[in-house]
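Please read the structure below before turning to the comments.
What follows draws every value from the coordinates through simple rules; no lab data is involved. Everything numeric in this text was worked out from a predicted model, so none of it was measured. FYI the Cβ positions are ideal-geometry reconstructions off the backbone, even for glycines, and counts take in every protein chain you see.
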Amino acid sequence: NAGVIQTPRHKVTGKGQEATLWCEPISGHSAVFWYRQTIVQGLEFLTYFRNQAPIDDSGMPKERFSAQMPNQSHSTLKIQSTQPQDSAVYLCASSPWDNSGNTLYFGEGSRLIVV
Amino acid sequence: QQKVQQSPESLTVSEGAMASLNCTFSDGTSNNFRWYRQHSAKGLEVLVSIFSDGEKEEGRFTAHLNRANLHVSLHIREPQPSDSAVYLCAVSMSNYNVLYFGSGTKLTVEP
């Protein structure tokens, strides 16, 4: 079975440009999570979906960040007007989120660099 | 929001010596604890999950949970250089709540 797939693995964008990150969860997993990882802040929760519906976005910056899950096979995280402080590794994880447990299975991340 | 803290920030052990990592959390009603490992520039790999006080062993990895002391630890038996990585503690309020992570312990295992 393929794991969680994230694309692109690396992205360099200029300040003020838009960045879109993609995540393909493990087939059959009903929950998809987005986290952001930096050296200073560590691993921060951003948002999650269950059965494609947004459940909790309490970690999302209120401006410029948005996430969607248009179908069960992919989710996107969009950052508008990127700023240098958005530079981080963005990690996507999926989980069966059922009686078998809620273990998160992570992708290898998308490293975003804003210059 | 749950606060999760890990210590030490970094740890160096010799191959074969026991490695012990610590994690404290802020909410005593939490009941879902996991240890993950992250090799450089890679995703996270779950090592062991524990849901009640006591001990849970998965191969060479053993987690100890004491919710009264707001403490969960990870012990790695006979560590090998390939175990060198960042180890992350994750805590959630229940089985179906968001996992919050500590900042990690960087483990180096010397041959």
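Under a GNM of chain B (C-alpha, springs under 10 Å), which listed residue has the highest mean-square fluctuation: B:G43, B:G54, B:G28?
In the Gaussian network model the winner is B:G43.
Compute and list, largest first, the equivalent-ellipsoid semi-axes of the range B:72-111 from the alpha carbon gyration tensor, each √(5λ) rounded to a whole angstrom. All intermediate terms of the calculation are to be shown ahead of the outcome.
Details: eigenvalues 136, 21, 10 Å².
Here the semi-axes work out to 26, 10, 7 Å.
For the pair A:I55/A:Q17, report the inter-label distance in nm, with labels modelled 7 Å from Cα in the Cβ direction.
3.5
For the residue pair B:K42 and B:K3, what label-to-label distance in nm results when each label sits 7 Å from Cα along the Cα-to-beta-carbon direction?
3.3
When Cβ neighbours within 10 Å are restricted to other protein chains, what is their mean count per residue of peptide B:42-48?
What the average comes to for B:42-48 is 5.
Return the long-range amide H neighbours of A:D56 (sequence gap of 5 or more, or a different chain), with a cut-off of under 5 Å between placed amide H atoms.
A:Y48
What FRET efficiency would be calculated for the residue pair A:R9, B:S82, taking the C-beta separation as r and a Förster radius of 22 Å, to the nearest 0.05? Before the final figure, lay out each step's value.
Details: r = 23 Å, r/R0 = 1.04.
Efficiency at R0 = 22 Å is approximately 0.45.
Report, largest value first, the span of the C-alpha coordinates of chain A along each principal axis, in whole Å.
The Cα atoms of chain A stretch 43, 27, 27 Å along the principal axes, largest first.
When you look at the Cβ of every residue in A:36-48, what mean number of other chain Cβ atoms sits within 10 Å?
Mean inter-chain Cβ contacts per residue within 10 Å come to 3.
Between B:A17 and A:E44, what is the FRET efficiency for a Förster distance of 30 Å, r being their Cβ-Cβ separation, to the nearest 0.05?
E between B:A17 and A:E44, to the nearest 0.05, is 0.35.
Under a GNM of chain B (C-alpha, springs under 10 Å), which listed residue has the highest mean-square fluctuation: B:L74, B:L44, B:L21?
The residue with the greatest mean-square fluctuation here is B:L44.
In whole percent, what relative contact order does chain B give with Cα contacts below 8 Å and a gap of six or more residues?
Once divided by the residue count of chain B, the mean separation gives 37 percent.
When a/c reaches 1.5 or more, the comparison of a/b and b/c decides; with that in mind, is the range A:2-45 rounded, prolate or oblate per its Cα gyration tensor?
oblate
With a 10 Å Cβ neighbour count serving as the proxy for reagent exposure, in which order, fewest first, do B:T108, A:T103, B:T29 appear?
Fewest to most other Cβ atoms nearby, the residues stand as B:T29, B:T108, A:T103.
Note the full-extension length gain between B:N97 and B:R67 as 0.36 nm times their separation in residues minus their Cα-Cα distance, in nm to one decimal.
In short, 9.0 nm is gained.
Take every Cα pair under 8 Å in the range A:23-115 that's 6+ residues apart, average their separations, divide by the length, and report that relative contact order as a whole percent. Walk me through the numbers on the way to the answer.
Details: 189 pairs, mean separation 27.8, N = 93.
The value is 30 percent.
So how far apart, in nm, are the two label points at B:E110 and B:E55 if each is 7 Å from Cα heading toward Cβ?
2.9
Please identify, among A:I26, A:I55, A:I39, the residue showing maximal mean-square fluctuation in a Gaussian network model of chain A using a 10 angstrom Cα cutoff.
Residue with maximal mean-square fluctuation among A:I26, A:I55, A:I39: A:I39.
Whole-Hz ³J(HN,Hα) for each residue in the range A:17-24, computed from phi via Karplus 6.51 cos²θ - 1.76 cosθ + 1.60 with θ = phi - 60°, x for glycine and proline: what do you get?
So the J values, rounded to whole Hz, are 7, 9, 10, 10, 10, 10, 9, 10.
Can you pull the semi-axes for the range B:18-111, root of five times each eigenvalue of the Cα gyration tensor, sorted largest first, whole Å?
Those come to 22, 14, 11 Å.
Just to be sure I follow the rule: in the protein assembly as shown, considering lysines 8 or more places apart or on different chains, how many pairs have Cα atoms under 15 Å apart?
Counting lysine pairs in the protein assembly as shown gives 4.
Can you tell me the convex hull volume per residue for the protein assembly as shown, based on C-alpha atoms, in Å³ to the nearest whole number? Write down the numbers at each step before the final one.
Values: hull volume 27.6 nm³, N = 226.
Output value, Cα hull per residue: 122 Å³.
Would you mind counting up the charge near B:N32? Only other residues with Cβ under 15 Å from its Cβ, with Lys and Arg at +1 and Asp and Glu at -1.
0
At a threshold of 8 angstrom on Cα-Cα distance, excluding pairs fewer than six apart, so keeping six or more, what relative contact order does the range B:22-61 reach in percent?
31 percent.
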